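*Asks:* This is the structure, below, for whatever I ask next.
The values are calculated or read from the model by the stated rules, or taken from the named source; none is laboratory data. Values in this document were obtained by computation on a predicted structure and should not be read as measured data. Cβ atoms come from the backbone with ideal geometry, glycine included; neighbour counts cover every protein chain shown. All accessible areas refer to the heavy atoms of the entire protein, side chains included, with ligands and DNA or RNA removed. Shrake-Rupley method; radii C 1.70, N 1.55, O 1.52, S 1.80 Å.
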Amino acid sequence: MNGNWDVREAGPADARHRVVLIPGGMCSAVWYEDVLADPSLAAAGIRLTAVTQPGFGGTAAPADVSMDNYARLMAGFAAERGCDVLVGHSLGANVALEAAAAGLFAGPLVLLSPTFSRRDEARFLAVMDQVGHVPGLGAAAWAALVRTLPRTMRGSLPPHRADALTADLGLTEAGSARRIVRAYYEYLDRHGSLVDRLCGTGLPAWVVRGDHDEIGLQPVERAALEACPRVTTVTVPDAGHAVLVEQPAAVAEVVLAAVASL
């Protein structure tokens, strides 16, 4: 990366505590705008920086789109900004988890709807990954997905944000998304389940999910998370996978708890 990051920021530049927020796949920093504007975080004087992962939101993807490299990139950004807490949503939550598991970040984690295993992930994404391996057909299928996903997602988004967020979804280049998803499934398959990987960090972590999240959580995974002494599970009412835009105040409350743990 050349340092030209796509960021959204809030809070005092000289804040004592700093939080980096990583959006999910095909999403840019704009998805965190409601969290950035939360009055409780403003009152706490925390510096918040939402940063788009390269390859999404119209930004260029790196040559290496492995989860390991994304963890290095985002941990490096967090270190440059003097970050105390790392927040991630969806794919961004898995990147934050991997940054901690690889020893690249050593602070509290807030993981918004992470995926702990292949079985948890949305079925359509696994199908798209399989189709993506087929020459010719794969490229066409991913191009069609990028065109249609904004319209498909619109009904699940808050009306006042739907225009901005659906427009953002359409900015990701289909070929980059195809490569990133392939590397993502390779990562999930390599580790099997990521619960032990999270618990093994020994870091305080909050795993946050909407009460009707489309991403699954196997019973054995839930039990293991609840048995992990430094992991707190949080279920947010009236929220699905996009909890950061559906219930931003609830997300802000968890961020405050993570900062307080310092």
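*Asks:* Which log10 I(q)/I(0) values, to two decimals, does the range 173-236 give at q = 0.18, 0.27 Å⁻¹ under the Debye formula with one point per Cα?
*Replies:* Reported log10 I(q)/I(0), two decimals: -0.80, -1.15.
*Asks:* Roughly how many Å² of CYS199 are accessible to a 1.4 Å probe, to the nearest 10?
*Replies:* Near enough 40 Å² of accessible area.
*Asks:* Among DSSP beta bridges whose residues both lie in the chain, state the antiparallel percentage, nearest 5.
*Replies:* 15 percent
*Asks:* Highest GNM mean-square fluctuation, the chain, Cα pairs closer than 10 Å: which of GLY216, GLY58, GLY200?
*Replies:* Greatest mean-square fluctuation among the candidates belongs to GLY200.
*Asks:* What length, rounded to one decimal in nm, is gained on full extension from ALA37 through to PHE124, with 0.36 nm per residue of separation minus their alpha-carbon distance?
*Replies:* Here the answer is 28.0 nm.
*Asks:* Still on this structure, I have one more. Rounded, prolate or oblate: which fits the range 120-232, taking a ≥ b ≥ c as square roots of the Cα gyration tensor eigenvalues, rounded meaning a/c under 1.5, else prolate when a/b beats b/c?
*Replies:* Because a/c hits 1.5 or more and a/b fails to exceed b/c, the range 120-232 counts as oblate.
*Asks:* If you stretched the chain out fully between ALA79 and ALA223, how much longer would it get, using 0.36 nm times the residue separation minus the C-alpha to C-alpha distance?
*Replies:* 48.6 nm
*Asks:* Now for a separate question. Set the Förster distance to 30 Å, then compute FRET efficiency between GLU186 and THR166 from the Cβ-Cβ distance, nearest 0.05.
*Replies:* Calculated value: 0.55.
*Asks:* Among GLY202, GLY155, GLY45, which one moves the most in a GNM of the chain with springs linking Cα atoms closer than 10 Å?
*Replies:* GLY155
*Asks:* Further question: What is the extension gain from ASP64 to VAL134, computed as 0.36 nm multiplied by their sequence separation minus the C-alpha to C-alpha distance, in nm to one decimal?
*Replies:* Once the chain is fully extended between ASP64 and VAL134, it gains 23.1 nm.
*Asks:* I've got another one for you. Could you check which residue among ARG209, ARG81, ARG72 shows the biggest mean-square fluctuation in a GNM of the chain with a 10 Å Cα cutoff?
*Replies:* ARG81
*Asks:* Shifting gears a bit: Rounded, prolate or oblate: which one fits the chain, using the alpha carbon gyration tensor with axes a ≥ b ≥ c (rounded when a/c is under 1.5, else prolate when a/b beats b/c, else oblate)?
*Replies:* Note, shape of the chain comes out rounded.
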